[in-house]
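The values are calculated or read from the model by the stated rules, or taken from the named source; none is laboratory data. Only a predicted model underlies this, so the values are computations on that prediction, with no experimental measurement involved. Reconstructed Cβ throughout: ideal geometry from the backbone, glycine too, with neighbour counts over all protein chains shown. Surface accessibility is based on the protein's heavy atoms, side chains included, excluding ligands, DNA and RNA. Shrake-Rupley method; radii C 1.70, N 1.55, O 1.52, S 1.80 Å.
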Amino acid sequence: MARADLIAMPGYEPVQPVDEVAAQLGIPEEEIVKLDGNENPYGPSPRVAEALARFPYYHIYPDPEQRRVRAAIAGYVGVEPEQVVVGSGSDESLDLVARLILSPGDAVVSAPPTFGMYPFLARLYAARLIEVPRRQDFGLDLPAMESALNEGAKLLFLASPNNPTGNSLPRQELERLLEGPAVVVVDEAYAEFAGESFIEMVGDRDNLIVVRTFSKWAGLAGLRVGYGVFPKPLADVIRKIKMPYNVNVAAGAAVLASLDDVATLNRRVAAIVAERERLRERLADLPWLQPFPSQANFLLCEVRGVAARDVRDRLREKGILVRYLDTPVLRNCLRFSVGKPEHTDRLLEALTEIGAHVGR
Ligand code: PMP
């Protein structure tokens with residue numbers, strides 16, 4: 001009785017849970033260096049645990065209108081609270097947008113290599129995905145993208161900075177794409193590491209939506225909170241179609257505590273950005289690795305003369321988890337999330353050992 005297209009569709013490929021990897025490898029969980037999920041190695045603000053410990057209302061449903069949380073987020077990003085809708089991770093915010101815009105058969109455009117959620121959502125809503133591959137330098141192929149949009153596409157997903165390539169979308173390119181007929185979703189999951197955002201353009205245009213998350217800069221990936229910033233008329237409809245209690249009270253309390261401690265979180269963002277640059281320089285010293293510049297909390301690296309998949313496997317045996325990528329634009333690549341300095345040291349030591357082993 002299930003939809004035949006859903007039975008046939010490939011699922012979203014998440015990373016393996018760390019306790020499972022630890023058990024498989026026979027390594028204690030706390031010794032695993034997890035650099036495969038672009039998570040924040042510093043975790044949440046210490047105020048989050050305090051807020052959750054003293055929260056008195058776990059037995060009461062959350063506010064379906066998310067008033068306090070939306071007001072706090074609106075203050076943080078400088079928009080009106082009416083423009084904000086909060087979701088269970090930015091994954092849910094992206095899902096709400098797709099649910100709002102896409103009917104079966106509608107065209108949706110994305111620019112691979114990019115985040116796997118966009119093709120997943122296209123399939124889920126039986127939309128027609130038009131993929132416009134990025135150029136070799138990971139920039140958008142604007143003419144191809146404009147002709148895809150002019151085929152009547154309703155939605156365009158763009159991540160800035162993009163996962164896994166790490167580059168940001170230039171503002172003039174976004175302005176050009178907003179001239180088209182489609183709703184443009186800019187996914188800013190990593191914006192805090194780039195220090196730039198398109199949020200202030202939302203509202204001036206009726207077809208721009210920006211999606212953000214607390215998973216990366218604020219270290220709340222496990223509590224699942226993201227949000228969208230919408231033109232007001234779209235926000236009103238999104239609020240209507242979302243599940244009433246989509247963001248649980250623990251997640252809501254964690255957002256309020258995080259936004260009370262932005263200075264601490266920003267210092268950690270700065271530490272991650274500095275560590276990213278150190279890691280990039282050290283990776284570039286290895287002749288068989290070519291790291292690309294990144295504006296996010298991860299580095300994409302091309303592997304030369306060795307199979308990247310084998311390098312991933314050997315790192316894994318040493319308890320270091322990284323992401324392997326092999327797509328038409330990205331051949332033989334690895335993606336390293338940026339950890340603490342000691343994680344960088346362990347990664348570099350392991351890579352040097354692997355490099356010596358393969359005779360380089
Ligand atoms: N957008 C991008 C570009 C991502 O890389 C990710 C996480 N991998 C997400 C959104 C989803 O993050 P979350 O649901 O935790 O907010």
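What the table below lists for this structure:
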quantity: Gyration tensor (Cα) of region 276-360, equivalent ellipsoid semi-axes in angstrom; calculated: 17, 16, 12
quantity: Solvent-accessible heavy-atom area per residue, rounded to whole Å², over region 37-162 at 1.4 Å; calculated: 43 Å²
quantity: 10 °C / 1.306 mPa s Stokes-Einstein diffusion coefficient of the chain, Kirkwood radius on C-alpha pairs, µm²/s; calculated: 74 µm²/s
quantity: Carbon + sulfur, % of accessible area of the chain - ligands and nucleic acids excluded, 1.4 Å; calculated: 52 percent
quantity: Solvent exposure of region 201-339 as accessible area per residue, Å², 1.4 Å probe; calculated: 38 Å²
quantity: All lysines inside 27 Å of LYS154 as judged from Cα atoms, apart from same-chain residues fewer than 8 positions distant; calculated: LYS232, LYS240, LYS242
quantity: Computed label-point distance, nm, for sites ASN248 and ARG67 using a 7 Å Cα→Cβ extension; calculated: 2.4 nm
quantity: Extension gain (nm, one decimal) between ALA307 and ASP345, 0.36 nm per residue minus Cα-Cα; calculated: 11.5 nm
quantity: Residue (of TYR12, ALA107, ALA218) at the positive-pole extreme of the chain, dipole from beta-carbon charges; calculated: TYR12
quantity: Once the Cα gyration tensor of region 206-252 is diagonalised, semi-axes √(5λ) in Å; calculated: 22, 15, 6
